[in-house]
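The structure appears right after this line, and notes come after that.
We did not get these values from a lab; they are worked out from the coordinates using the rules stated. In this text, all values refer to a predicted model and were calculated from it rather than measured experimentally. Methodologically, a virtual Cβ is constructed for each residue, glycine included, from the backbone with ideal geometry; neighbour enumeration extends over all protein chains shown.
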Amino acid sequence: MDTDDVDTVLVAGASGATGLEVLRLLGSRVPTVRGLTRSPGKRRLLRRAGADEVAVDDLLDPTDLAGALDGVDVVVSAVGSGVGEVLGSGPYVDGEGARALLDAAVTAGVEAFVMESAIGVGDDPASPLATAFDLFIGPIQEAKAETEAALRSSPLRHTVLRPGVLTNGPRTDDVTVAEPGAKLYGAVSRADVARLLVAAPVTEGAADATFEVVGRPAFPGRATVLDWQLPGAGRTDSTVEVDVLDDVDEE
Ligand SMILES: NC(=O)c1ccc[n+]([C@@H]2O[C@H](COP(=O)([O-])OP(=O)(O)OC[C@H]3O[C@@H](n4cnc5c(N)ncnc54)[C@H](OP(=O)(O)O)[C@@H]3O)[C@@H](O)[C@H]2O)c1
């Protein structure tokens, strides 16, 4: 997709720590940003971060994903299981939930789907960090692997990003992005991951690709160098501040 081809983006997991960073970056760059949350009470949070519209639905028990995806060009999925859910036996939003979103995106004719996964997902040679992730959240990693596989089999342009340990640090634009199996380990800020999630649909070389991502330590020798673009190149990069919000949201 060209940088100006993105009109409407659905951000799933919009209220999450990565999702909010995605909203902040996208809000001033594309005409319509729609955030998805299970909680009507989070509408204001999403609108303040940059969402123009809010859709309320539960991916594990969806009621109207066709409505949430109406007119959408790009889906950014930053959903993830909470601590309580990780300790449960599933189903997980990382698996069944994300695949419900993917199926609905295919039906709706969405062009591109970007997924936030995690280092260690899949069968590629693992770093010690990936092994640790598997040890503590194995079922979640397995659920993500199944969603990644479904995405690769889908007709959608897609990008899977597998970050290391997420932090709430600032955006640095200084990250190592590498092919699966590069055995990266380390941490990366959600703001840096958000930039790549937003950039992937309009970046040549990111189509139908999977990348591991870390900020520190750096792995220059293992990096895949891409010229990451952002949608709406002509617009500014500022956070949208909205102090007075109307109550007209979609459900
Ligand atoms: N933590 C790490 O170090 C780490 C490392 C690598 C990868 N990751 C992955 O990176 C992703 C983002 O992590 P994060 O910590 O930034 O996110 P987060 O703050 O945990 O947010 C997760 C989001 O998922 C949404 N969600 C959960 N269940 C849902 C459901 N059934 N239907 C719809 N939405 C649902 C929640 O939305 P509502 O509650 O508003 O519905 C929430 O906004 C996750 O996939 C995570 O596994 C994390």
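Of the residues Lys144, Lys42, the one with the fewest other Cβ atoms within 10 Å heads the list, and the complete ranking is Lys42, Lys144.
Only helices enter this figure: runs of n ≥ 4 DSSP H residues, each worth -39500 (n - 2.57), summed and divided by the residues of the chain, yield -8500 deg cm²/dmol at 222 nm to the nearest 500. Once you treat every alpha carbon in the stretch 99-235 as an equal point and sum by Debye, what is log10 I(q)/I(0) at q = 0.15, 0.17 Å⁻¹? Evaluating at q = 0.15, 0.17 Å⁻¹ gives log10 I(q)/I(0) of -0.71, -0.91. Computed from the Kirkwood radius of its Cα pairs, the Stokes-Einstein diffusion coefficient for the stretch 108-170 at 10 °C and 1.306 mPa s stands at 125 µm²/s.
Packing order of peptides 62-73, 88-99, highest average first: 88-99, 62-73 (average count of other Cβ atoms within 10 Å over each peptide's residues).
So for the chain, averaging the separation of alpha carbon pairs under 8 Å that are six or more residues apart and normalising by length, what relative contact order in percent results? Before the final figure, lay out each step's value.
Values: 572 pairs, mean separation 59.2, N = 251.
Dividing the mean separation by the residue count of the chain yields 24 percent.
Normalised size of the stretch 21-169, defined as Cα radius of gyration per 2.2 N^0.38 Å with N residues, equals 1.05. Cβ crowding within 10 Å, taken as a proxy for footprinting-reagent exposure, orders Thr167, Thr37 from fewest neighbours to most as Thr167, Thr37. Put simply, the convex hull of the Cα atoms in the stretch 74-127 casts, on average, a shadow of 4.7 nm².
Go through 192-198, 168-174 and give me the packing order, highest mean Cβ count within 10 Å leading. Please report the intermediate quantities before stating the final value.
Numbers: 192-198: 25.4, 168-174: 12.3.
Ranking the peptides 192-198, 168-174 by packing returns 192-198, 168-174.
Annotation: average projected area of the chain is 12.3 square nanometres, based on the convex hull of Cα atoms across all directions.
If the only charges are +1 at each Lys and Arg Cβ and -1 at each Asp and Glu Cβ, what is the size of the charge dipole of the stretch 22-173 around the Cα centre, to the nearest 20 debye? Don't skip to the answer; put the middle values down first.
Values: 15 positive and 21 negative charges, 162 e Å.
Dipole of the stretch 22-173, to the nearest 20 debye: 780 debye.
Think of the stretch 1-145 as having a plus end and a minus end, set by charges on the Cβ of Lys, Arg, Asp and Glu; of Val83, Gly41, Val56, Gly41 sits farthest toward the positive end of this dipole.
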